[in-house]
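Below: the structure, in structure tokens.
The values are calculated or read from the model by the stated rules, or taken from the named source; none is laboratory data. Given the structure is predicted, the values throughout are model-derived calculations rather than measurements. Glycine also receives a Cβ, built like all others from the backbone with ideal geometry; neighbour counts cover every protein chain displayed.
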Amino acid sequence: MNAEPREVAAVGEDRRLDLELGATAVLAILFLVLRLLAVSRWDWPTVTAVADTFDFGDTFAIAFGTIAEQPWLTGVFTALLLPLVLLRILWPLPEHRGQLAFTTLLGALVLVTIAVAMTVTYANPWTLLGAAGFGALLVAIRVFAHNTRLRQLADTLTGRIALIAGLCVLLLAVLDDTPWTIREQIVTDRDVLTGYVLEESPGFLHVLTDDRDVLIIPTVDVTARTALD
């Protein structure tokens, strides 16, 4: 008698997982496209040239570089998202009880890691303090502000974590125009230029200059390369 409801529940879980995976894939692709556009400063010929050097093996470096290059924005977004995710796990809304997803747990782990790493790296506790303060505010609203617009806003934020997180990621992609490789000074037989080596193919360097021109330089012409801060 109970087999059919269980099968329906299993189908529902599979569909929800498929939707989550599909949405994550779309977000990842859109993130990469926006990063290419931002790095190229929205110049389509430059976008095309940069895309020719792109390797999906660079995806992790691109994601990590985006977080590291915008520490203040990353800190603010982390301070906002971390309390929402923890509340979703520890004090879920009635409609979310019994629906804890693996992606939510993974998101909490990633956000905690980012908050701690930024605190240690920059010796700046404001991300953790901001998360604690925002979390305390949300808890106070849910405890004391019953049936108010403020409570509705807090519940809406808690229930739309995935959407908010996706918007934050895309905003970071748009605002960060720094490439994901180290900025270098490259000395050749004819010139000295500064930029970012996007690809080292056999015999050639593909360099994105500070002026956002993509140059292909024979490695035999390169006499020195120096990493810049």
Identify the residue in region 40-71 that is of a type in the set (A, V, I, L, M, F, W, C) and under 13 Å from LEU172 (Cβ atoms) and, among all such residues, is surrounded by the fewest Cβ atoms within 10 Å (Cβ to Cβ). PHE64
One residue is enough: does region 179-199 have a residue meeting the conditions under 21 Å from PRO71 (Cα atoms) and modelled with pLDDT of 90 or more? yes
Just one of (1) out of contact with any helix residue (DSSP H, G or I) (no Cβ under 6 Å at 6 or more places or on another chain); (2) crowded, with 18+ Cβ neighbours inside 10 Å trips up ALA173, so point out which. (1)
Of everything in region 119-130, what is over 17 Å from ALA165 (Cβ atoms) and surrounded by 15 or more Cβ atoms within 10 Å (Cβ to Cβ)? Give them in sequence order. THR119, TRP126, LEU128
